Structures are given as structure tokens and as C-alpha cells.
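J.: Got a structure for you, written out below as C-alpha cells; questions coming shortly.
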Amino acid sequence: MRTRPFFLLVLITLAAGCGTVASPTRPASVSEPAVLLIGDRAVFDPQDATGYGFMLPGAGLATVDGLHAWVVGFGDEPGDQELIQLASANGTDWEVSDRTVERDMGVELRPPGPIPSTVLPPDGGGQWVMYFSGSPSSGANGADLWRATAPGPTGPWTADPEPVLARTDVPTEDGVAPTQLDFPAVVRTDEGYLMLFGWSPSRATTLIRSATSADGVSWTVEGAPAIGLGLCGGFDTRSVAMPRLAPHPSGGWVALYGGFGEETDQSMALGLARSTDGQAWTCASADPALEMADIPGSTRLHSYALLAGGEEPPRLLIESLVAERSELWLAELRLE
């Protein structure tokens with residue numbers, strides 16, 4: 001029997017079959033904007049396609065060529081992980097397009113290696129950019145935020161030699177470095193770049209901070225958390241984590257995030273927040289946009305990737321845990 005990989009337990013601690021595409025179905029209690037599940041079955045089985053029982057979807061992107069997702073497969077033992085790129089023309093049928101993503105990055109990280117959460121296409125030419133979290137092989141254990149570039153979506157990816165944001169750059173109130181920075185969500189703005197990221201002042205909880213940059217390399221962190229505990233109430237009172245960013249059609253930004261409520265409930269629910277400037281955030285829906293009960297057979301929602309950038313509404317690739325394995329489901333983010 002496969003056991004849940006060590007890294008999945010760390011994330012939970014910190015955050016306290018293919019078929020025909022059907023019309024999105026709406027969770028009964030959610031107002032707009034909303035996350036709408038597409039279809040009635042999973043769109044990717046990690047075990048069948050890659051041999052890994054668990055798969056964490058991190059970064060995603062929609063281009064004129066289709067959908068891309070960067071995911072991390074987890075094996076039975078700590079250290080048995082692999083960064084894999086998936087591709088799909090329609091979101092329903094996914095194929096493994098690259099299993100060498102990490103090979104040429106040039107940085108030494110502790111297991112599970114790089115966990116990407118944003119990939120940006122070139123802006124008027126130049127390099128593709130990936131932002132990821134990872135724990136340096138030397139020094140105190142805990143992840144920092146990194147950047148890598150590539151000539152195309154399939155690489156080869158070359159990481160900057162140093163983190164773009166380290167734990168020591170964002171101290172806690174007592175001046176001590178946080179235990180973890182993770183899941184950097186980055187978008188381009190008129191002034192440069194906006195980032196939301198997970199910030200763990202202790203191993204008991206995670207908050208979401210924001211930072212801005214003129215060049216995507218040097219970042220200035222805002223003084224207070226952008227999304228704190230209980231922004232939407234109930235389902236996000238213990239921890240908020242794993243932010244994802246997308247532009248809103250009417251201006252400003254929408255952020256998805258994972259909310260954790262009661263201490264006995266380890267499952268994540270997806271929350272939605274809105275901002276006009278990327279700094280001040282308000283709740284967009286008092287109810288979860290998506291939760292475990294919305295996915296048939298799910299025992300836990302664990303992670304997700306946002307696939308934005310095309311003309312269609314942004315899609316989500318959602319990891320649902322079923323018994324001792326993962327399934328990946330497709331959903332749509334409705335912003336109108």
C-alpha cells in the first residue's frame with residue numbers, strides 16, 4: 001500500500017479516468033465569482049500515467065497551443081519525487097510532455113526539490129519565467145522563493161543562483177525568520193510585477209503576504225499580510241495558503257487561496273478574494289468556492305494549479321485525494 005509522502009504531511013502541517021468535457025456544474029452555495037467543476041470524473045490518473053501515487057499540481061498556463069501544467073509526482077519514500085510537465089489541447093486529455101524539467105536548473109535543493117507555482121510567457125519576446133519554492137541544501141531547513149528562465153515552455157530551465165525572496169527577507173514580528181515561504185503567485189502589472197506568497201511565522205499556521213517588483217527579480221514586501229486568517233470566515237480561520245492570481249475582467253485582481261478551518265479538518269477549501277490594487281484584499285464569497293464535498297469520492301482537497309492566460313476562462317487542475325492516491329480534476333474559474 002502506498003503511504004502519503006512526507007512532503008504532503010509537511011504542507012498540511014504548515015497549512016494547519018478521462019471523459020468527455022461536460023458543462024461546468026455549480027456548487028449550490030456559491031455566488032459569483034465561482035469555481036465550477038467540469039465533468040463528473042478525474043481527467044488525469046498519476047499512477048497510470050507516471051507511476052506516482054500522488055501528484056501535486058503547482059504551476060499552470062494557457063497558451064495558443066493549449067494547456068500546460070507543472071506538477072510534482074511523489075513516490076513512497078522521502079526524496080522520491082519528480083517535477084513533470086503535462087500538456088493538453090482541451091483540458092480533458094493530458095499527456096506527459098517533459099520529465100527532465102529539473103535536470104538543468106543548476107540549484108541544489110532538499111527533497112522534494114522545486115515546487116513551481118507560476119510560469120509566465122515572454123512579454124514581447126525574451127525568456128519564459130518560472131517562480132518556485134524550494135529548500136536550499138545547506139542551512140536551516142525551510143523553503144525560499146526562486147526564479148528560473150527558459151527559451152520555451154519545455155525548457156531547459158536555468159535557475160537564478162540565489163533566491164529572489166529568502167526567509168530572512170520577510171521576518172516575523174519578533175525578527176526571527178519564518179519557517180517557510182512557498183507558492184509564489186506572480187502576475188505582470190502596469191508597474192512591473194505583483195506577487196502573493198505563503199508565509200509561515202510558525203509551523204502551526206500560514207498567512208499570505210504580497211510583494212511588488214519592477215523587474216521580477218528584486219522584490220519589496222508589503223508590511224502586513226495581504227490575506228489573513230478569517231478573511232471570508234469559517235473555512236479559513238486557522239490557515240490561508242497556496243495563493244493563485246488572475247486579472248479580473250472589470251479591473252484589478254482575483255486571488256484564489258486554500259483555507260483551513262477547524263483543527264480536526266485537514267481538508268482545504270478554496271476561497272476567493274478581490275483587490276483593485278493588489279494590496280488591499282476583500283472577501284469575494286463568504287462560502288468556499290470549492291470544497292471536498294463538491295468532488296465525487298474525494299477524501300481531501302490537497303493542491304491545485306491555475307491555468308490562466310488564454311481567451312477562455314481560467315481553468316484549475318485540482319488534486320483530490322482518494323484513499324491512498326491522487327486524482328486530478330478540471331474546474332473553471334468564472335469571473336463574470
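J.: Please name which of Phe44, Gly139, Ser117 has its Cα lying farthest along the dipole of the chain towards the positive end, using unit charges on Cβ (Lys, Arg +1; Asp, Glu -1) and the Cα centre as origin.
T.: Value: Gly139.
J.: For the stretch 74-201, just say rounded, prolate or oblate: build the C-alpha gyration tensor, square-root its eigenvalues into a ≥ b ≥ c, call rounded for a/c under 1.5, and beyond that prolate if a/b exceeds b/c, oblate if not. Display every interim value, and only then the final one.
T.: Working: a/c = 1.85, a/b = 1.27, b/c = 1.46.
The shape class here is oblate.
J.: Okay, moving on. Arrange the peptides 191-202, 109-120 so that the one whose residues have, on average, the most other Cβ atoms within 10 Å appears first.
T.: On the way: 191-202: 21.7, 109-120: 23.4.
Ranked by mean Cβ neighbours within 10 Å, highest first: 109-120, 191-202.
J.: Stretch Gln279-Asp48 to full length: gain in nm at 0.36 nm per residue minus the Cα-Cα span?
T.: Values: separation 231, 0.36 × 231 = 83.16 nm, distance 4.22 nm.
Residue separation times 0.36 nm, minus the Cα-Cα distance, leaves 78.9 nm.
J.: Let me ask you something else. By the gyration tensor of its Cα atoms, with a ≥ b ≥ c the square roots of the eigenvalues, what is the shape of the stretch 153-279: rounded for a/c under 1.5, prolate for a/b over b/c, or oblate? Please report the intermediate quantities before stating the final value.
T.: Working: a/c = 1.63, a/b = 1.22, b/c = 1.34.
Oblate is the answer for the stretch 153-279, as a/c is 1.5 or above yet b/c matches or exceeds a/b.
J.: With a ≥ b ≥ c taken as the square roots of the eigenvalues of the C-alpha gyration tensor of the stretch 229-336, please select rounded if a/c is under 1.5 and otherwise prolate if a/b is larger than b/c or oblate if it is not? Present the calculation step by step, with values, prior to reporting the outcome.
T.: Details: a/c = 2.40, a/b = 1.27, b/c = 1.89.
It is oblate, given that a/c is not under 1.5 and a/b is not larger than b/c.
J.: In addition: Kindly provide the trypsin sites (Lys or Arg not before Pro) of the stretch 153-218 that DSSP labels as loop, not H, G, I, E or B, and whose Cβ sees at most 15 other Cβ atoms within 10 Å. Can you show the working numbers first?
T.: On the way: sites: Arg167, Arg188, Arg203, Arg209; in loops: Arg203.
For trypsin sites (Lys or Arg not before Pro) across the stretch 153-218 that sit outside H, G, I, E and B with at most 15 neighbouring Cβ atoms in 10 Å, the list reads Arg203.
J.: Right, another one. Given a 1.4 angstrom probe, what's the average accessible area per residue across the stretch 177-216, in square angstrom? Each step should come with its number before you reach the end.
T.: On the way: 1220 Å² over 40 residues.
Value for the stretch 177-216: 31 Å² per residue.
J.: Work out how much length Thr63 to Asp190 would gain on full extension: take 0.36 nm times their residue separation and subtract the Cα-Cα distance, in nm to one decimal.
T.: Residue separation times 0.36 nm, minus the Cα-Cα distance, leaves 43.6 nm.
J.: Oh, and also: Ignoring ligands, DNA and RNA, what percent of the accessible area of the chain is carbon or sulfur (1.4 Å)? Kindly include the intermediate steps, with their values, before the conclusion.
T.: Details: 6570 of 13230 Å².
Solvent-exposed carbon and sulfur of the chain make up 50 percent of the total.
J.: Separate question: Mind checking the full-extension length gain between Asp215 and Thr154? Use 0.36 nm per residue of separation minus the Cα-Cα distance, one decimal, nm.
T.: Numbers: separation 61, 0.36 × 61 = 21.96 nm, distance 2.29 nm.
Extra length from Asp215 to Thr154 when fully extended: 19.7 nm.
J.: What FRET efficiency, computed as 1/(1 + (r/R0)^6) with R0 = 35 Å and r the Cβ-Cβ distance, is obtained for Asp40 and Thr172, rounded to the nearest 0.05?
T.: Values: r = 44 Å, r/R0 = 1.27.
Efficiency at R0 = 35 Å is approximately 0.20.
J.: Let me ask something additional. What's the magnitude of the charge dipole for the chain around its Cα centre, counting Lys and Arg as +1 and Asp and Glu as -1 at the beta-carbon? Answer in Debye, nearest 20. Write down the numbers at each step before the final one.
T.: Numbers: 19 positive and 42 negative charges, 57 e Å.
About 280 debye.
J.: Here are several values of semi-axes √(5λ) of the Cα gyration tensor in Å: (1) 25, 23, 21; (2) 41, 22, 18; (3) 28, 23, 20. Which one was derived from the coordinates shown?
T.: It is the one labelled (1).
The values are calculated or read from the model by the stated rules, or taken from the named source; none is laboratory data. Every value quoted in this text rests on a predicted model; they were computed, and no experiment measured them. Every residue, glycine as well, gets a Cβ built from its backbone with ideal geometry; the counts of neighbours run over all protein chains shown. Just so you know, the surface numbers come from the protein's heavy atoms only, side chains and all, with ligands and any DNA or RNA stripped out. Shrake-Rupley method; radii C 1.70, N 1.55, O 1.52, S 1.80 Å.
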